[in-house]
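Okay, so here's the structure we're looking at.
The values are calculated or read from the model by the stated rules, or taken from the named source; none is laboratory data. Just so it is clear, the structure is predicted and the values come from calculations on it, not from any experiment. Here Cβ is always computed from backbone atoms with ideal geometry, including for glycine, and neighbour counts include all displayed protein chains. To get the accessible areas, we keep the full protein, side chains included, count just its heavy atoms, and leave off ligands, DNA and RNA. Shrake-Rupley method; radii C 1.70, N 1.55, O 1.52, S 1.80 Å.
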Amino acid sequence: MKLLKDKIIQDGKVLSKDVLKVDTFLNHQIDPPLMKAIGEEFAERFKDAGITKIVTIESSGIAPAMMAGLVLGVPAIFARKRKSLTLIDHLYTASVHSFTKDETNEISVSKDFVTCDDTVLIIDDFLANGQAVLGLLDIIEQASAKLAGVGIVIEKGFQPGGKMIRKQGIRVESLAIIASLEDGKVTFSEGAAV
Ligand code: 5GP
């Protein structure tokens with residue numbers, strides 16, 4: 001997606017050969033027109049998949065998930081990382097090790113919002129080692145929901161998550177795939193590693 005790649009080149013900061021900072025438009029400050037375009041792109045790619053729900057993880061997946069939900073006309077649900085007083089029971093849970101924070105969180109989704117009647121699109125901001133997506137897949141499986149696929153805003157193709165998930169036969173659509181962050185420079189790859 002050219003608009004997104006241009007934004008990454010313009011505003012992204014390479015923090016190390018593994019980590020890209022994009023908090024001017026995705027991870028802290030959010031760029032609404034860009035998020036709208038991202039939502040439209042996901043909706044276009046998955047328009048024939050019969051999606052009834054979008055599932056993401058708080059907090060950075062929420063903006064692209066909500067925009068895709070708006071265009072597809074379906075609700076967006078975010079898995080919570082902390083238990084809240086109003087969300088204590090009646091939950092699907094899974095463990096997710098965070099790539100950026102190096103900590104493990106238990107994520108949870110209410111059983112009310114994902115059911116065996118749903119066809120789910122998972123959306124997240126980044127795909128690195130695939131732990132966040134695996135946690136969401138676990139929850140969708142517990143709910144016996146159908147999976148349409150995974151939509152990722154930025155995939156780091158040099159890390160193993162994308163390959164691992166595609167190997168399971170799951171459709172992964174990434175709007176920008178980064179081949180390398182070496183020498184402080186972002187290099188994109190055209191296709192996904194398989
Ligand atoms: P994974 O679970 O695939 O290992 O990592 C994905 C999660 O880690 C994403 O939800 C995202 O929040 C975070 N993440 C992974 N790599 C990066 C990165 O290079 N930059 C930022 N900002 N977040 C990342």
On the Cα set of segment 73-194, report Rg and Dmax in Å, please. 15.3, 48
With the dipole of the chain defined by +1 on each Lys or Arg Cβ and -1 on each Asp or Glu Cβ, the option from 71, 145, 20 whose Cα lies farthest towards the positive pole is 20
If segment 72-142 were replaced by its equivalent ellipsoid, with semi-axes equal to the square roots of 5 times the Cα gyration tensor eigenvalues, what would those be, largest first, whole Å? 20, 16, 11
When ranked by the protection proxy of mean other Cβ atoms within 10 Å per residue, highest first, what sequence do the peptides 46-53, 127-134 form? 127-134, 46-53
Unsatisfied cross-links (Cα-Cα over 27 Å) in the set 47/83; 2/156; 36/81; 47/81: 47/83; 47/81
Sulfur and carbon atoms: percent of accessible area, the chain [1.4 Å]: 52
At 1.4 Å probe size, what's the solvent-accessible area of residue 166? Round to the nearest 10 Å². 40
For segment 127-191: accessible area per residue (Å², 1.4 Å): 42
Rounded to whole Å², per residue accessible area for segment 25-65 with a 1.4 Å probe reads 43
Mean Cβ count within 10 Å, highest first, over the residues of peptides 33-39, 167-173: 33-39, 167-173
Would you mind computing Rg(Cα) / (2.2 N^0.38 Å) for segment 24-119, counting N as its residues? 1.15
The chain: DSSP helices with Cα axial extent of at least 18 Å and average Kyte-Doolittle hydropathy no lower than -0.5: 32-45
